1. Would you say A:Gly331 is crowded, with 18+ Cβ neighbours inside 10 Å, under 27 Å from A:Glu395 (Cβ atoms) and within 14 Å of RNA strand B (Cβ to nearest atom)?
2. Only one of (1) modelled with pLDDT of 90 or more; (2) farther than 25 Å from A:Lys262 by Cα; (3) of a type outside the set (Phe, Trp, Tyr) is not met by A:Asn160, so which one is it?
3. Is it the case that some residue within segment A:657-672 is of a type in the set (Gly, Ala, Ser), in contact (Cβ under 8 Å) with a residue 12 or more places away in the chain, loosely packed, with under 15 Cβ neighbours inside 10 Å and more than 9 Å from RNA strand B (Cβ to nearest atom)?
4. How about segment A:357-376: which of its residues are among the hydroxyl-bearing types (Ser, Thr, Tyr) and either near RNA strand B (Cβ under 9 Å from one of its atoms) or touching a residue at least 12 places away in the same chain (Cβ under 8 Å) (or both)?
5. Please determine, by comparing only the residues of segment A:334-355 that are touching a Ser or Thr at 6+ places or on another chain (Cβ under 7 Å) and either polar (S, T, N, Q) or assigned to a helix (DSSP H, G or I) (or both), which one is surrounded by the fewest Cβ atoms within 10 Å (Cβ to Cβ).
6. A:Asn85: surrounded by fewer than 16 Cβ atoms within 10 Å (Cβ to Cβ) and in a helix (DSSP H, G or I), yes or no?
7. Of all residues in segment A:204-219, which are within 13 Å of A:Leu536 (Cα to Cα) and touching an Asp or Glu at 6+ places or on another chain (Cβ under 9 Å)?
8. When only residues in segment A:299-328 that are surrounded by fewer than 19 Cβ atoms within 10 Å (Cβ to Cβ) and near RNA strand B (Cβ under 6 Å from one of its atoms) count, which is nearest to the chain's Cα centre (by Cα)?
Amino acid sequence: MNYTEIEKKWNKIWEDTKIYKFDNKNLDKKFYLLEMFSYPSGASLHLGHWWNFGLSDSFGRFKRLQGYNVFQPMGFDAFGLPAENYAIKTGIHPEDSTRHNIKVMEEQLKAMGATFNWDYELITCNPDYYKWTQWLFIQLYKNGLAYQKEAPVNYCPSCNTIIANEQVVDGVCERCGSTILRKNMKQWFFKITKYAEELLSGLDTIDWPEKTKALQRNWIGKSVGAEVDFKVDGLDEKLTVFTSRADTLYGVTFLVIAPEHKLLSKLIKPEYKKQVEDYILQSSKKDEITRTSSTSPKTGVFTGTYVINPLTSEKVPLFVADYVISTYATGIVMGVAAHDSRDYDFAKKYNLPIKQVIEKCEGETELPFTEYGKLVNSAEFDGFSSEEAKTKIVEKLEKMGEGRFKINYKLHDWSVARQRYWGCPIPIIYCKHCGTVPVPEKDLPVKLPHITDYKPDGSGPLGKCEEYMNTTCPICGRPARREADTLDTFVCSSFYMLRYPESLHNNDEIFNRDYCNKMLPVDCYVGGVEHATGHLLYSRFITKFLRDIGKLDFDEPFKRLFHQGMVLGPDGKKMSKRNTSRTADDYIKEYGSDALRLHMMFSLKYVDGGIWNDEGLKHIKAFMERVERIILKWQNDKGTSKKYEAEEKELDFVLNRTIKEVAENFETFSFNSAVARIMELVNAMYKYDTVKEKNGQLMEKTIKNLLIILSPSAPHFTEELWEQIGEKYSIFNQRYPKYDESKIALDTVEIAVQINSKIIARIDIDSNLSNEEVLKVVKENEKVASLINGKTIVKEIVVPKRIVNLIVK
RNA sequence: CCAGGUGUGGCGGAAUGGCAGACGCACAGGACUUAAAAUCCUGAGAGGGCAACUUCGUGUGGGUUCAAGUCCCACCACCUGGACCA
C-alpha cells in the first residue's frame, strides 16, 4: 500500500464529503472534545504537534464511532509576546507574521486529515473575537471585579520598561544586566480572589488529575487563622497581624513589618530614620524570589517603635524585615521565636528574647518547636492543647475587640494589563470630568490600530498613537483619552471554550445562554500541565463569574481533563531543532502518518510522555502490513467449517475481549494498551489461519471489526482497506462493535490452587461451578489431596475464576 | 526547605488487593531461501538442576492481609512545581 497516496486520497474525500461536520441541531449525544488551542508559530508541525493533536483526534474518532456527535473545534491563541519580540528583532509587523503563521499552520493541521471542525475556527486577534474579550472586561468592571490599584512591578531602569518575573534573573534584567527596581505602578486587576473559596471547593466536583488539583489547591493556598491587633505604644494607631498559630500569642517577643508597608513611615522613630530608609532601599533592589527564598539570610532593622500585646500588655519591639511580604495577609507578622524557625533565626541574630509557650506532650521540648503541643506560660490557657487554645484565645480577643477569626489565601488578584502592543485593547476611556468610563457595548470592538512603533518603553506603545488615544467621553462628549495598555493573552483564552460553539455565527452576544448550557461543559479537555495554575484557573474563574451574571448555568468549564506528557529529544530535553534530526514530515514521507500515529500511541504512555525513539516505527509499519495481509487473505475465504469448534471459540473470545478492552483503554487515554490488545487480536487471527476448516462468517466478522476498532488509530489505512474489502464509504460512519459477554465467558478457566498462599497447582475448572463445587474439584485433585492429607483445613478462600487458597495446619 | 509525582526484565511499558512482567523491541532457535532481507513459527525475569523441579524477584526497611507492584508507616533516588505564606 502506498501510504502517501492513500493519505492524500482520503484526506480529500473526507474534506469533500464533509464527513466530520458537526450536527448542531442534534445535541442529545454531543461530545465536546477540546485540545488547548495553540500559539501560531511559523515552524512546520513537529512531533509534539502530532502527539497532541493526532492522538486527541484519534480519541475523537473513537467517540464518533461510539455514536457521539463530536464537536472538536480548532483555533489560535494569536495575541502575545513571541510575535512582538519576533517583530522587534526582524521588523516584520506582528500582525503580518501572525497571519502568515496561522495560514501555514492551518494548512498543515488540515493535512493531518484530522476531524477538526474548521468551520468553527476562532482566532483571538480577530476583532470579531476580541470584541467579546472587551465585553467580558466591561462586565467585570461593572461588577467591581476589574479594578485599578497600585502594585509593585519589576522595572528595568536601562531598558526603561516593566518586565515579567520570568525575565528577572538573580535580580538583574536578563537582557541588559541592570539591577531591577521594584516600583509601584497603577495597574488593572481582575478580582479572582473573590472566588478563592469556590475555586478550591469546586475541585472536588471535577474529574481532573489529582496532581493538577493539588497544584491549584497549593496556589490558592488557604490558611485558616486569626487577626490580632497590637496597639502602637505612644501613637493612636494599631497594627494587625495574621497568624495561624494564635495559641502562641503569649510567646510574642517582637513584631515584623514589611518594608513596603503603607503605615511604616509613620512608625519610625526619628533617631532610627536613616537606618530604616537605607534598609528599605536595599531591599527594594532585591526581586521577590531572592528576597523571600528560605535560604537567604534573615535581615532587618529596629524601627524604634514598640507595640503592645493585647493579652499580656507587654511592650515588644517593632522591626522591619524583608522576609515579610507586604502582599500576603496584613504584611505584618508577630514574632514567636520559640515556635517558628524563621522567627527563631531572626531573634538569635538580633538578640531578641525567646519565650517558650508550647511544650511537647511527651518528652523534651527542643526549640524552635513548631508543632502542636500543650500550652505553658500562657496565663489561664496553660494546659490547653494547641488546637483548643487556637479557638479559645481568639474568642477572648473577639470579646475584647482586638482580634477575630480570619481565613487568608495566597491567591492574588490577576494582574491583566500589559504595557505592550500586540494584545487586546482595554476598553476604557479616561475623561477629565467623568473619570474612568468603560466603552459602551455598542461601540465594541475598540480596534487595535496598525502602528509601526511598537517598541516597549514602560508605558503602553498605543500611547504614542494619537489617533487611537484621542476620543470623546461616552458620557459627556468632551475630548478624552483611551487606556494605552492591552490585556494579558490569558484573558483571551479564559473564555474561548464558551465562545467556540457559535464562534462565527453569533455576532449579537458572546454566546447564547441556552445553547451554551447544552454544549458545555467541555466533556474532555486535553492540554499541558504547565497551565495548571494559569489558564485552567482563569477559565474556572471566568466561568463562575459568567454564571453569577446569569450568562450560563454551570460551575465548571472542563468536566474531565487529561494532560499529555512531553515527547522529549534523545538528550531528555524538550524537543528542538538542536536535538532532533528528523521532522514529522520526514517520518510521514517514509512511513505514513498512520504509522507515525500508531507508533506514538504504542511506544509511550500518553500521560507520561518520554524520550522519542523512532526505532519502533518500522515495526509498526510491519504490523500494519501484517494486518493488511491477513485481511486481504481472508476477505475471499468463504471457509468450510460446519461446527463451532474450539479454535473458533478462541478467536471469537479474543475478538470480543478486544472489542471490550480497546474501548476501556481509549476511555482512559491508555492508547498503548489499546494497540497491544489489537495486536493480540491479529495474533489470534494468524493462529486461527492455520486451522484447515475455517468459519467464513466468523472471519468476515473479525476482519470488519478489526478494521473498525483500528480505525481511530490508523484512519487512512483502515478506510482504504474498508474500501478494498468491498464495504461502503465510510468506515467512520460505522458503529463501534458491541461485544458479546457470553463469548468472553469461557467454559473452563484455569484456576491457581494455593496451599498456605503458595501456588502448588493450576487446574482447569468448569467456569459455571459454584464456589463449593470448585472447592470439591480442587480437593479431589491428586496433588492437592496428597498435600492436605492428614492436615486440618482452617480456612478456604475462593476467588471466582482466579484462585483457590487453602490454609492448612 | 515544602508540596506533588514517579521508581517493575537489556529497553518502551502491562497488571479492579488474587498466577508479576500483557503487548512490542532487542536476543536466541527453527521453517522458507543458493544466501541475505522480508515473512511465518517457537523460546525466553534472574540463579541452580539433564530433568521433573526449585530458590530469589516490582527502589530500601518495616507493617496490615489467607494473599501486596497495588493499602499503611519510615527511608533513598529521580522528576515537576512553589519558594520564608506568618
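1. Criteria met by A:Gly331.
2. (1)
3. No, that holds for no residue.
4. Matches in segment A:357-376: A:Thr370, A:Tyr372.
5. Per the criteria, the residue is A:Ser341.
6. Judged against the criteria, A:Asn85 is a match.
7. Matches in segment A:204-219: A:Ile206, A:Lys213.
8. A:Tyr328
The values are calculated or read from the model by the stated rules, or taken from the named source; none is laboratory data. For clarity, every value in this text was computed on a predicted model and none was experimentally measured. Please note: Cβ atoms are built from the backbone with ideal geometry, for glycine as well, and neighbour counts cover all protein chains shown.
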